[in-house]
Structures are given as structure tokens and as C-alpha cells.
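The values are calculated or read from the model by the stated rules, or taken from the named source; none is laboratory data. Small disclaimer: the values here were computed from a predicted structure and weren't measured. With ideal geometry, Cβ positions are generated from the backbone for all residues, glycine too; neighbour counts draw on all protein chains shown. When the accessible area is computed, the model is the full protein with side chains, heavy atoms only, and any ligands, DNA or RNA have been set aside. Shrake-Rupley method; radii C 1.70, N 1.55, O 1.52, S 1.80 Å.
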Amino acid sequence: MSALVSLCSVPSYVQNKQFYSTNNLSKIATVVPQMSLSSSISNQHESSKCLLPVEAPLKAILFDIDGTLCDSDPIHYYAFREMLQEIGFNGGAPISEEFFIKNISGMHNDELCHVLFPDWDFERAIKFMDDKEDMFRRIASEQLKPLNGLEEVCKWIEDHGLKRAAVTNAPRPNAELIISMLGLSDFFELLIIGSECERAKPFPDPYLKALQELGVSPKHAFVFEDSISGIKAGVAAGITVVGLGLRNPEKLLSEAGATFVIKDFNDSKLWTALEELETEIHA
């Protein structure tokens, strides 16, 4: 996996806007984080089923990337909102967070072409998506930070000798940029891209491919996922899924099949579950 990814230029109809210039990324930072955090994560740990239903021994942990390794959804939302408004989508009114979560978050770009632009030819629609990803990488290269507790979880995984893979619907340049920025290029043994599989999430193909290449049964692994489509993909692959509810409502993630939902990797529900698994890992 390449540790460095060249950033593409911002599309011509966007780069003239002052707020997209590199010198004004600090101004963008005051806009992007305004996407609201989910406030529905339960603190009633005693009433939650924290035990992960994984057969001993645990052999692998898989991660989605966007919204799981880092809080990238606000940047995606910002890029979509600005670029869709630029072309007059939704009558020129900015899309809402609710629209983004319901219709965009976690979906593959090919699928989004049909969702957002049913009357466009595919070539025109995918060009818009490519330009949007260019903008995302431009902003993300200055702003992305790991989700709270990620470093501790990665150390726990390494200390216990578990296999690991990143599995995402994001384009490969995005995925490699994020992994490199977070210092995880040497951590992940494998990177699976949805568009390089026969079917992307919410189909199970990306997770099944990861398990096959790692040589691990789904019964001996679990997944961290933040989106409805990603959780459905993991469940369809027969893998236990832990939901990340930083942005998306806990209820929706649970309904999609998450065993339980955490706010970030510091959540005590997660560490309770890991402690329960710890004695069985090397069984």
C-alpha cells in the first residue's frame, strides 16, 4: 500500500471560490465540524449486552474507514453540500444532515450516481463524484484526526497478535490517504475496496474477500462500522458488528444489525467486551 497519495486538483468550477483555497482551509474548519454529533448513545452499560458473540479464539478485527477510523463524515457532508448547491441540486438549497445520512453516507459512488442524478448519464455523474472526492482529499489532508481511543485499540490488537484489515466503499486514493495520515499504513495487513469487488457494501462481498485473504472464518472475527450499509454488509457476511455512533443514530445502527453501538473507541462497553474475550484469544 502506498503511504503517499498525490492530491488531485479541485475542479475548475470550484477552485475559484475563496473558501476552497489552501490558505483558507482554516476557515473551512469552522464550517465542517458543525455537523451534529449523535446524542443517543446509551450510558446504561448494565442493561447493554456487551459480550461479543465471537467463537473462541478471536483471530481478526476488521475496520471500515470513513467515520470509523476518523470523523470524516463532516468533510464529506461539507463537500457534497457545497458542490450540489453549486449545480443547483435541490433547487439550489443546501442539503440537510438528515438527507446526507439517509441518502449518501456509506454508499458507493456508482450507486450514488443513480440516487442523486437519475436523469444524468453515468459518465457525467461519475465525473461529479470524482470531483467531489478531489475536494474531500484536499480538505481532509489538512484536518483529519483519529477517532478517540483508536491508538489504544490498535495497540490492543497488535499486542494480542490479531489479524486486521480495512474494508471500505471509499475510492482507493481516499482510503490510502486516510490510512497514511493516521499512521496506520503498517498496521493494516490488507485493504479491501468495495469497487474492486464484484459488489460493494451493503453486499457482503468486501468483507467476505477480506476474510478469505486473511484466512479467517467470520465466526472468529468482528467488524467496526459506522454506516447502515456497512453494518448490513458485515451482518450479511456472517460477522459480528460493533457500530460507531458518533454521527449516526444508535437506533438506526442497531436496527441494521449492530450487536451494540459505541460512541468512540474509549467507550467502556467496548473495553468490557474486549476484556471478556481476552482470556480466550489464544485458546
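Would segment 145-271 count as rounded, prolate or oblate if I go by the C-alpha gyration tensor, calling it rounded below 1.5 in a/c and otherwise prolate when a/b exceeds b/c, oblate otherwise? Cα axes put segment 145-271 in the rounded bin.
To put it simply, the accessible area of segment 158-219 at a 1.4 Å probe is 45 percent carbon and sulfur. Remark: for residue pairs 155/263; 219/263; 102/132, the C-alpha separation exceeds 22 Å in 219/263. Across segment 145-150, rounded Karplus estimates of 3J(HN,Hα) from the backbone phi angles (6.51 cos²θ - 1.76 cosθ + 1.60, θ = phi - 60°) give 9, x, 5, 3, x, 4 Hz, Gly and Pro being marked x.
The distance from the alpha carbon centre of segment 133-149 to that of segment 60-102 is 13 Å, rounded to a whole number. Which of rounded, prolate, oblate describes segment 155-226, given a ≥ b ≥ c as roots of the alpha-carbon gyration tensor eigenvalues and a/c under 1.5 marking rounded, otherwise prolate only if a/b is larger than b/c? Verdict is oblate for segment 155-226. By a 1.4 Å probe calculation restricted to protein chains, residue 251 has an accessible surface near 130 Å², given to the nearest 10.
Placing +1 on each Lys and Arg Cβ and -1 on each Asp and Glu Cβ, with no other charges, gives segment 119-238 a dipole about its Cα centre of roughly 280 debye.
Using Cα pairs closer than 8 Å and at least 6 residues apart in sequence, work out the relative contact order for segment 52-156, in percent. Write down the numbers at each step before the final one.
Working: 55 pairs, mean separation 36.0, N = 105.
After rounding, I find 34 percent.
Apolar share of the accessible surface for segment 60-120: 46 percent from carbon plus sulfur atoms, 1.4 Å probe. Keeping the other protein chains in place, figure out the carbon and sulfur percent of the accessible area of segment 226-266, with a 1.4 Å probe. Its accessible area is 53 percent carbon and sulfur atoms.
Under unit Cβ charges (Lys, Arg +1; Asp, Glu -1), what dipole magnitude, rounded to 20 debye, does segment 96-145 have relative to its Cα centre? Each step should come with its number before you reach the end.
Numbers: 7 positive and 12 negative charges, 48 e Å.
In debye, rounded to 20, segment 96-145 gives about 220.
Computed over protein heavy atoms with a 1.4 Å probe, the accessible surface of segment 57-198 works out to 40 Å² per residue.
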